[in-house]
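Take a look at the structure set out below.
Every read-out reported here was derived from the displayed coordinates using simple, explicitly stated rules and does not represent laboratory data. These figures come from a predicted structure and were not determined experimentally. Note: ideal-geometry Cβ built from the backbone for every residue, glycine included; neighbour counts use all protein chains shown.
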């Protein structure tokens, strides 16, 4: 390793650490989580094996026989050593215990009444029915609501409870009874089959498309071109104005929008003068919510395109405009024939860059509508965030949320590669395209 | 079409670049605006084509006052120093652009493009882009674009400055040919006196926003209005000496020069401070009036050599001699001067 390589690695070191910690590791973890069913319910550490009402309901009917489910759900009464020991500890008559062990040892009764009848038939039975009932209870053996830390112990108990359990049934039941997280691919099939997914995709496309077209590219282009034809001082002033949203803190920025739109906000205060009833302009209809979401994002997003387009237009040599002017081209024809053809690369760059950043950014929606009203303005990234990390229901589905995030990462990486190829990235970084 | 500038004035902020300029370019004439950079020649051209607004005076094309018209309305062809070809368009699209913005039918545009391309001899390049062309080819495309609307007026802003020396010679002749074939009235802006003199019918030499002299090239060379014009025209440059008139002779004691004045100035009053200008071709071995000095430098120029004759006070007179001349560096020589051709200036630098 040469001195230079060492030096290079030394300089890159901090960057590598940051990339690994803040990008690579989260992506890898997201990939891992997306193949688990982790949620608030399963916790992120291990779990126990336990038959509960909901486990029994979940057992698939085509894989587990109904009578197995019945025997799992019902209590059994087994005359075993543990029960006998409990009777001795209660101080019951040893002769009664002796006779029970002798005549019914290891016998299984499906109901308490049967065991009670059997006890009543014994020669050394206690007189008191209450004592007999108490003894019966000591033999009640049930898997329900009992925690097993180890799979082996649970399987043994299961085999005790259901004598003729098949291997497949055992596997299915063990799986269903485990309360911790497991590896699974079910997130993907669930994502694919959930009707809500389609709506979220439509929302996302609408959000990205409209913000991009109307503001990040469209309005940015209008600003760049119009300010080109303004005197220097005025154009700098307008560009500075449109840059302000970009540099204002996002929370305050959205708060200002909320003040504008709230029931007692600015719009209503003005309209109230004309006797109009107040309403929440941001959230009272889906259309309004979309208008605000796109305006809030667009006002922030237009500045980047504006700056890139402006500098690209400035890079066009002045004599080209002079030439076009004396050739008889009007302002509009100069825009169409001289400016726009020179903006092909900046346009492509801004479109793709902003597409990627709009796909993954949801902070302004989260701060303004939170995906509402209902979930009509819920986009993919917001949906993933709410599924995995923050929702009202309280059951945070880390695994499912991670799956949604992973899909977004995959789309992002695929799109980036596609765009780089489409652009021929070398073109962008090689010598300037306009010669003088 | 005749171009008239009437008291044309142009300011940039507080700086007046051109003030009260009068200039008339006759129909079909080609006129050069010659001067050093910053003298206002390009500014004048940009005002004529409407890129710059006029701050005072009028500009007339024929009888039409175009002072307030936009450049789109003036219909002038312009060739820019950088050629200003549209980099994303093919040669054909570049040439056809002035017609395209007029929304002419494509067939008509194609026909006109082919016709004009033939005129400037680039028919085989129509599908290329400007980046794929040599400097000379780009120049021809720029010319074709300027000429396609058959403008009555053609403006050329340093059209040869970006070409190499050999190509410059060819294009000089080529531009002149096109201008004469199309009968266009043309203004050429240049800082190169050879270009101005070789291409144009008349030359307007400019200094600090004013026209110093406006005359045909030959007349201007032979009879410059002042030392500025005399110094600007001619290669190698003219040599100036300061002295005084003394009984029909020019005397400069420090330089050791004593020459008879041209016959028409023989009666100049004695003692008056004057200057003379000696062009390099005025050195004439057959003349008896001589200047003496030492040869300080020799430039070989092929057919002839250029000698620097250093006078006793360090002033230099440049002279051209046949290459056969045998003088060596450091030789002390006395060379004759054709004193009849000699230029004589008064103390203010104006020609007497």
Separation of the residue A:274 and residue A:256 label points, Cα + 7 Å toward Cβ, nm:
2.5 nm
Just grab the label-to-label distance for residue B:352 and residue B:332, each label 7 Å out from Cα along the Cβ direction, in nm (one decimal).
3.1 nm
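At a threshold of 8 angstrom on Cα-Cα distance, excluding pairs fewer than six apart, so keeping six or more, what relative contact order does the range B:239-345 reach in percent? Spell out each step's value before the answer.
Details: 251 pairs, mean separation 33.4, N = 107.
It rounds to 31 percent for the range B:239-345.
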Given the -39500 (n - 2.57) contribution per DSSP H run of 4+ residues, what per-residue ellipticity at 222 nm results for chain A, rounded to the nearest 500 deg cm²/dmol?
-19000 deg cm²/dmol
Neighbouring Cβ atoms within 10 Å as the yardstick, rank B:112, A:6, B:10, B:210 fewest first.
A:6, B:210, B:112, B:10
Considering every pair of different Cα atoms, what Kirkwood radius, in Å, is found for the range B:96-177?
13.5 Å
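Kirkwood hydrodynamic radius, computed over distinct alpha-carbon pairs, for the range B:225-343: how many Å, to one decimal?
Details: mean 1/r = 0.0685 Å⁻¹.
Averaging 1/r across every pair of different Cα atoms and inverting gives 14.6 Å.
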Return P(r) of the range B:266-331 (all Cα-Cα pairs; 5 Å bins starting at 0; whole %; ordered from short to long distances).
4, 15, 24, 24, 15, 9, 5, 4, 1
Where only C-alpha atoms are counted, convex hull volume of the range B:154-306 per residue in Å³:
173 Å³
Can you give me the pair-distance distribution of the range B:1-140, C-alpha pairs, 5 Å bins, whole percents?
2, 9, 16, 17, 16, 14, 13, 9, 4, 0
Work out the P(r) tail for the range A:1-98: percent of alpha carbon pairs separated by more than 21 Å, whole number.
71 percent
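Shape verdict for the range B:80-123, please, from the Cα gyration tensor: rounded (a/c under 1.5), prolate (a/b greater than b/c) or oblate. Provide the component values of the computation, followed by the final result.
Details: a/c = 2.07, a/b = 1.22, b/c = 1.70.
Verdict is oblate for the range B:80-123.
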Chain B: angle of helix B:91-100 to the longest principal axis, Cα-based, in degrees nearest 10
70 degrees
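Using only the alpha carbon atoms of the protein assembly as shown, find the Kirkwood hydrodynamic radius as the inverse mean reciprocal pair distance, in angstroms to one decimal. Numbers along the way, then the final one.
Values: mean 1/r = 0.0271 Å⁻¹.
Kirkwood hydrodynamic radius for the protein assembly as shown: 36.9 Å.
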Determine the shape class of the range A:190-429: with a ≥ b ≥ c the square roots of the Cα gyration tensor eigenvalues, call it rounded for a/c under 1.5, and otherwise prolate if a/b is greater than b/c, oblate otherwise.
oblate
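How much mean residue ellipticity at 222 nm does chain B get from its helices, if each DSSP H run of length 4 or more adds -39500 (n - 2.57) and you divide by all residues, to the nearest 500 deg cm²/dmol? Write down the numbers at each step before the final one.
Details: 9 runs with 86 residues, N = 352.
Rounded to the nearest 500, the figure is -7000 deg cm²/dmol.
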In Å, what is the Rg of the alpha-carbon atoms in chain A, and how long is Dmax?
35.5, 126
In degrees, nearest 10, range 0 to 90: what is the angle between the Cα axis of helix A:195-210 and the longest Cα principal axis of chain A?
20 degrees
Percent relative contact order for chain A, counting Cα pairs under 8 Å at least six residues apart, stands at 22 percent
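Give the calculated FRET efficiency between residue B:115 and residue B:53 to the nearest 0.05, with a Förster radius of 45 Å applied to their Cβ-Cβ distance.
Numbers: r = 35 Å, r/R0 = 0.77.
After rounding, the FRET efficiency stands at 0.85.
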Rounded to two decimals, what ratio of Rg to Rh does chain B give with C-alpha atoms and a Kirkwood Rh?
1.07
Can you pull the one-decimal nm distance between simple spin-label points at residue A:248 and residue B:132, each 7 Å off the Cα toward Cβ?
5.2 nm
I'd like the FRET efficiency for residue B:107 and residue B:180, computed as 1/(1 + (r/R0)^6) with the beta carbon distance as r and R0 of 30 Å, rounded to 0.05.
0.50
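Please average, across the residues of B:80-89, the number of beta carbons from any other chain that are within 10 Å of each residue's own beta carbon, and give a whole number.
Details: counts 7, 1, 8, 3, 11, 4, 9, 10, 8, 3.
Mean partner shielding for this stretch: 6.
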Rounded to the nearest Å, what's the spacing between the alpha carbon centres of the range B:259-298 and the range B:190-258? Just the number, please.
15 Å
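Could I get the Rg over Rh figure for the range A:140-227? Both from C-alpha atoms, Rh via Kirkwood, rounded to two places. Before the final figure, lay out the partial values.
On the way: Rg = 27.2 Å, Rh = 18.4 Å.
Radius of gyration over Kirkwood radius for the range A:140-227 works out to 1.48.
Can you give the Rg to Rh ratio of the range A:53-177, both from alpha-carbon atoms, with Rh computed by the Kirkwood formula?
Details: Rg = 16.5 Å, Rh = 15.8 Å.
With Rg and the Kirkwood Rh in hand, the quotient comes to 1.04.
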Relative contact order computed over the range A:112-236 (Cα-Cα under 8 Å; 6+ residues apart), in percent
11 percent
Counting only the backbone N, which residues of the range B:281-301 are under 14 Å from the spot 7 Å out from the Cα of residue B:194 toward its beta-carbon?
B:301
So the FRET efficiency between residue A:53 and residue A:413, C-beta based with R0 = 35 Å and rounded to 0.05, is 0.20
Give me the distance between the Cα centres of the range B:58-127 and the range A:188-235, rounded to whole Å.
39 Å
Taking Cα atoms, how many degrees apart are the long axis of helix B:165-182 and the longest axis of chain B, rounded to 10 and kept between 0 and 90?
60 degrees
Cα centroids of the range A:321-335 and the range A:105-125: how far apart, whole angstrom?
107 Å
